[in-house]
1. E177 versus L127, label points 7 Å from Cα toward the beta carbon: distance in nm?
2. Where Lys and Arg each count +1 and Asp and Glu each count -1, what net charge lies around I311 among other residues with Cβ under 14 Å from its Cβ?
3. I need to check one value: relative contact order of the range 284-324, counting alpha carbon pairs closer than 8 Å and at least 6 residues apart, in percent.
4. Below 8 Å, C-alpha to C-alpha, sequence gap of six or more: please give me the relative contact order for the range 90-243 in percent.
5. Under a Cβ-Cβ cut-off of 14 Å, what is the net charge of the residues other than C74 that fall near it, where Lys and Arg count +1 and Asp and Glu count -1?
6. Give me the net charge of S245's neighbourhood, meaning all other residues with Cβ under 11 Å from the Cβ of S245; Lys, Arg count +1, Asp, Glu -1.
7. If we count other beta carbons within 10 Å of each Cβ, what is the order of Y70, Y61, Y179, fewest first?
8. Are there any trypsin sites (Lys or Arg not before Pro) in the range 277-313 that are in a DSSP loop and have at most 14 other Cβ atoms within 10 Å? List them by number.
Amino acid sequence: MDQETHFKVGFDYFLVIFILFGAFFNWKYDITRSRDDYDLHLQAEISCCSLYISLIQISWYNSTRIRTSYHSWCKMFGSNYGLSECKIVSTKDLSHIQPDFIRETFSKGSRFYKYSFLMLAGIRDFLKTPLLWYLRTTDDAYVDYNGINQYLHYLESRYDPLKYPVIKGHLINYPYEPYLHGGSGWLMSRYAAQKFIELVDQYPDKTLPFDNRADDIALPSLFFKKINPNISDWASGAFNGSPISPEAISFLNSQNFTNVPTCDGMPIGAVNQFVVWHAGDRSMSVVVNGEKYIRTTPSNIFVMCPKHVSIVCKNWSGRQPPEW
């Protein structure tokens, strides 16, 4: 073998080794990057889904609603998201729907009074866990199990749930007695939930001074104001508690918004920003189709509530609704 041939063979071997080394380095980098990405995703999932949900059965003699809500979204928590739970709370035996549901029984009291103690049973169970957020909602509401992740990230960028009394919901800001709409319910930080239980425990067991008021009016008046007196801080555009009109359901089902009226008043929020949405009607369309409505509705479509029933409207250009 002459000197020139020897050089070419040596160069070829060097080139092959260089290529193999480069391929190995790139493969190792990709594997490391994938693992890093997975670790970051896992950390984000854990941090954003530290949530406990009480799904309160409001319609005690109709298990269809609670079954529909459970299978539409509630069972997704825990199974899809590691550090999260959704538990049904009822006065009835619903173990055929969810084996580890919470049952709370009463000998007397109005239905609104009982709703409060169903919530209390849920909060006490929540405080046995290490989770950071508590959501109380009802059997005809939809919780967007993708949007709630973003929502909790948003809140945690502004508040420490272990140190700040966060209370969020659809605020009905009546001058004489502001309250949070019970249909969609409310979210509480762990700190707020702890303070709430401390206040409730000052009363004898299952006795609260309700004066025949609904629970979503009595609880804010009796307790939430003491926990977080900044009432405007309760408002969140992520919640819609007002029952939806048949006309609005028709628009949302068709996704044709050509004939939707222009918003002429302050909306509750944009459809694609809702995280907890109360149906409030027999069709349960919001519960069954909530994911579709939120994912596919354009960002210029809002919900407003002129007379206790919500409608859809478009192109609101005034002062923005409450932020998340």
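1. Each label point is offset 7 Å from its Cα along the Cβ direction, giving 2.6 nm.
2. Numbers: positive: K307, K314; negative: E247, D264, D281.
Neighbourhood net charge equals -1.
3. Values: 22 pairs, mean separation 10.5, N = 41.
Relative contact order, the range 284-324: 26 percent.
4. Working: 193 pairs, mean separation 41.4, N = 154.
After rounding, I find 27 percent.
5. Numbers: positive: R65, R67, K75, K87, R136; negative: E85, D100, D139, D140, D144, E291.
Spelling it out: positives minus negatives among the neighbours equals -1.
6. Working: positive: K307; negative: E247, D281.
Net charge around S245: -1.
7. On the way: Y70 22, Y61 6, Y179 25.
In increasing order of surrounding Cβ atoms, one gets Y61, Y70, Y179.
8. Numbers: sites: R282, K292, R295, K307; in loops: R282, K307.
In loop regions of the range 277-313 (DSSP not H, G, I, E or B), the sparsely surrounded trypsin sites (Lys or Arg not before Pro) are R282, K307.
Readers should treat all values here as calculations from the given coordinates under stated rules, not as data from a laboratory. Small disclaimer: the values here were computed from a predicted structure and weren't measured. Methodologically, a virtual Cβ is constructed for each residue, glycine included, from the backbone with ideal geometry; neighbour enumeration extends over all protein chains shown.
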